[in-house]
Amino acid sequence: MKKKISLILAFLMAAAMLAGCKKTDEDSAGLPDVGGETSSVSLTTMTVSESETETTTEETTTVPEETTTEETTTESESETSETETTTTAASSETTTAASTTAAKAWNETEISETLYIKTSCYSRTQAVVGSESVKKYDVGQKINIVAATDTGYYKLADGTFIHSDYVTDQKPAGSETVTTTAPKKPAVTEETTKKQPAVPGNSSYTKSYTDRYPYQQLSRDEQQLYAGIVEAAENFEMQVDVPMSLTSDDIVKVYALVYNQEPQLFWLSNLVPPSLGGMLNLQFDLSPEKAAEAQKEIDATVSEVMSKVNSYTSTVSKLKVIYDWVITHNTFSLQGNYRTCGIYNGLTDGGELQCQGYAKTVLYLCDVAGIECMVVTGNNTEGSTHAWNVVYCDNGYYILDSTWGDPMNSYGRSSYVRYLFFLANDSMIKNTHLNISTVARGNGNRIKLYDPPACTKTACYYFKAYNKEYSDLETATQAMYAELDAAIEAGKNVAHIRVTDHDMWETLRDKKYWKAFQDYAKKKDSSVKELKLQTSLTEDILVVEYDVAYKD
């Protein structure tokens, strides 16, 4: 009987194909150079020094060795190569099982047979890939078939459909059969039916993806895919249903959002997986066992950080603890991988991070601290990729860029902390953080991920909140001397203030003032070798920064 049913399915599907297929614009979405093969998109952002050049091809990214100058400390990002997956999707309205009497996209042949589930799956409202799921069936479960369709599905007695790939006429060994005609069980809450994650984390991490600002901007089908990826990744399940209305760009968009906004899934690959037959096939960088080991380290680290965070009441102070900890316990890396681009290194002893790793580590800690936070990706002025955070603090949203608080430098990783972009606003980054919240495809197009909230406030900006902003030259000059005193006494490298006037900013940076500040610093402490004027990133935000270099 199974052979007979299979022949019916084959005949129906062949007839459908012979009827003719029309290629749509959606069929050709994606890269023209993938040649019809499915490949992966790298979502890893890389950062290199401004003096570096990069060679990017579809296959590899070569990063030259770092070079620096004596008088400047700079930073930027190098973009990893990106190769896209080409996905074919057709739009279709989702209907319920009861409404399938409307115009069908398939033909049915009546049959009567009892089969078994060989792979755990869901029944669908329609006999098409990506239609709405109805009920989950487990391996070994018995089902009653009433029809076969020309789209490769079997119709069940309740009017729903299961793809023929998931069934067999042989009862799987060691399984128990459960008929679909069994009495309905009482309704239970989602909380009681949801699987426990394969990698249990600290109970302090309770952030739900449904509360994410980016998630709430997605369409219903995009949210469905987002939820599917998160829940599958939590349990190391590889296959995720893709709603058939979503295009290849939509899939890249949703996957990029999950990868960036769900830092707890640090084992999830940065490669956008191929979508085949309406299923997204996830890839993982760690086994459940290795991930569980790392999670224990992460939990211990988070507990330590939170003990200090929770000793403060103001959000500004809490964020400063997080910001300072991430910077002083990590250092910048030229290598982009699952360790450096997430919390694996960020919250263990790994210590080396890419900008994505800085941003996701901040996000994870903010999640635990109960501070609204999100990751934003884009480019710098050189076109290299970058990642930072937007957080909610007291009276509005602010920008927090921890990577640029800890640039590549010669001062070691323990003392160098800058606050140029600690709770900044949009006007301060307009010339440095570009293509905001987008991801580039290999064909040159950019996909908009989401619209971050406007950051227009200034009350929480570091230099204002900590009274380091000055409006007259004399007061600003004395403040810089005081900053040098504090930096040298603490053995730190950064002395910076903010002024409210561009002319004042230029004056405090000219050679006359530079020499006066340097002479003062050397007299203050004989271990001071020189002062280095920070020449990048400071003009738009009117920050005057001198870096203290000490003798070896």
Residues of segment 109-123 being open to solvent by 20 Å² or more (accessible area, probe 1.4 Å), assigned to a strand (DSSP E or B) and not charged (D, E, K, R), in sequence order, are Thr109, Ile111, Ser112, Thr114, Tyr116, Tyr122
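Per-residue answers, yes or no, for (1) in contact with a Ser or Thr (Cβ under 7 Å, 6 or more places away or on another chain); (2) without any contact (Cβ under 8 Å) to a residue 24 or more places away in the chain; (3) over 30 Å from Asp250 (Cα atoms):
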{"site": "Thr381", "(1), (2), (3)": "yes, no, no"}
{"site": "Ala387", "(1), (2), (3)": "yes, no, no"}
{"site": "Tyr398", "(1), (2), (3)": "no, no, no"}
{"site": "Gly405", "(1), (2), (3)": "no, no, yes"}
{"site": "Tyr416", "(1), (2), (3)": "no, no, yes"}
{"site": "Val439", "(1), (2), (3)": "yes, no, no"}
{"site": "Thr477", "(1), (2), (3)": "no, no, yes"}
{"site": "Ala486", "(1), (2), (3)": "no, yes, yes"}
{"site": "Gly491", "(1), (2), (3)": "yes, no, yes"}
Of all residues in segment 499-552, which are open to solvent by 40 Å² or more (accessible area, probe 1.4 Å), in a strand (DSSP E or B) and either closer than 26 Å to Lys464 by Cβ or of a type outside the set (Lys, Arg) (or both)?
Glu530, Tyr550
Wholly within segment 124-164, which strands (runs of 3 or more DSSP E) include no fewer than the required count, namely at least 1 residues that are open to solvent by less than 50 Å² (accessible area, probe 1.4 Å) and farther than 15 Å from Glu113 by Cβ?
133-137, 161-163
May I ask you to verify whether Leu423 is at pLDDT 95 or above and over 20 Å from the mean Cα position of the chain (by Cα)?
yes
Has segment 357-379 got at least one residue that is among the polar types (S, T, N, Q) and over 24 Å from Gln217 (Cβ atoms)?
no
Which members of segment 316-333 meet the condition of being under 21 Å from Asn493 (Cβ atoms) and open to solvent by 10 Å² or more (accessible area, probe 1.4 Å)?
Lys320, Val321, Asp324, Trp325, Thr328, His329, Thr331, Phe332
Can you name the number of the only condition in (1) open to solvent by 20 Å² or more (accessible area, probe 1.4 Å); (2) touching a Gly at 6+ places or on another chain (Cβ under 9 Å); (3) part of a helix (DSSP H, G or I) that Ser245 fails?
(3)
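The values are calculated or read from the model by the stated rules, or taken from the named source; none is laboratory data. The structure presented is a predicted model; accordingly, all values stated were derived computationally and were not measured. Positions of Cβ are generated from backbone atoms using ideal geometry, with glycine treated the same way; all protein chains shown enter the neighbour counts. Calculation scope for accessible area: heavy atoms of the full protein, side chains included, ligands and nucleic acids excluded. Shrake-Rupley method; radii C 1.70, N 1.55, O 1.52, S 1.80 Å.
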